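First the structure, in the form of structure tokens, and then the observations on it.
Each value in this text was obtained by applying a stated rule to the coordinates, not by laboratory testing. Please read all numbers here as calculations on a predicted model, not as lab measurements. Methodologically, a virtual Cβ is constructed for each residue, glycine included, from the backbone with ideal geometry; neighbour enumeration extends over all protein chains shown.
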Amino acid sequence: MPNPAYLSNNTGDSQLPSANGPAAYALSPATSSHHYEFRSAVVGHANLWIVNFGQMLDNTLQSADVQQAFGRLEARQSADLPLLSFELQEYRFADFRAYITLKVNVSADEQQLFSKTYKVEGKSQGGKMFWGGSFAMKNAIQQSTKLALDDILREFIQDYNQLNLAQK
């Protein structure tokens, strides 16, 4: 699946640390099918904006930046790799930015090794929304969500590296 333009255009901007080894990942069913709708008076209340967070997360995990950080991150369960499970707790877009609460579990050999909930807010895109209106809204949503996911992934990779799974 090709990366969406917003990820391709920002390749290299994530500045993710290197993970201590490859992994597999899975999204919870609720995360995969997450659908969020909202309206914004700033860009025209008549417009309905739809965010499919699961798709955005999956695209992010398959992006060049994340793949480079892990060396290999597969979208399936693999018996020889640790499994990263992502479960969205909350997503909303308000006050010109994305707010994400995402739980990440790490398991290996069917034993849970780590679980943490990350709560972040993306960078405000107010200027883009004000000056660009509805023409810039899609990019504002994608950019704020991407920046929030980058923050989560940076913190998670640091936590993941503390598990020293590459040596097991």
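Using r as the Cβ-Cβ distance of residue 109 and residue 154, and R0 as 30 Å, what FRET efficiency do you calculate, to the nearest 0.05? So the FRET efficiency works out to roughly 0.65.
Which aspartates and glutamates, on any chain, are close to residue 119 with Cα under 13 Å apart, when same-chain ones fewer than 8 places away are left out? Of all the aspartates and glutamates, those that pass the test against residue 119 - Cα under 13 Å, at least 8 places apart if same chain - are 87, 90, 150, 151, 155.
Amide H to amide H distances under 5 Å link residue 81 with no residue, where only residues 5 or more positions off or on other chains count and H is placed in the peptide plane.
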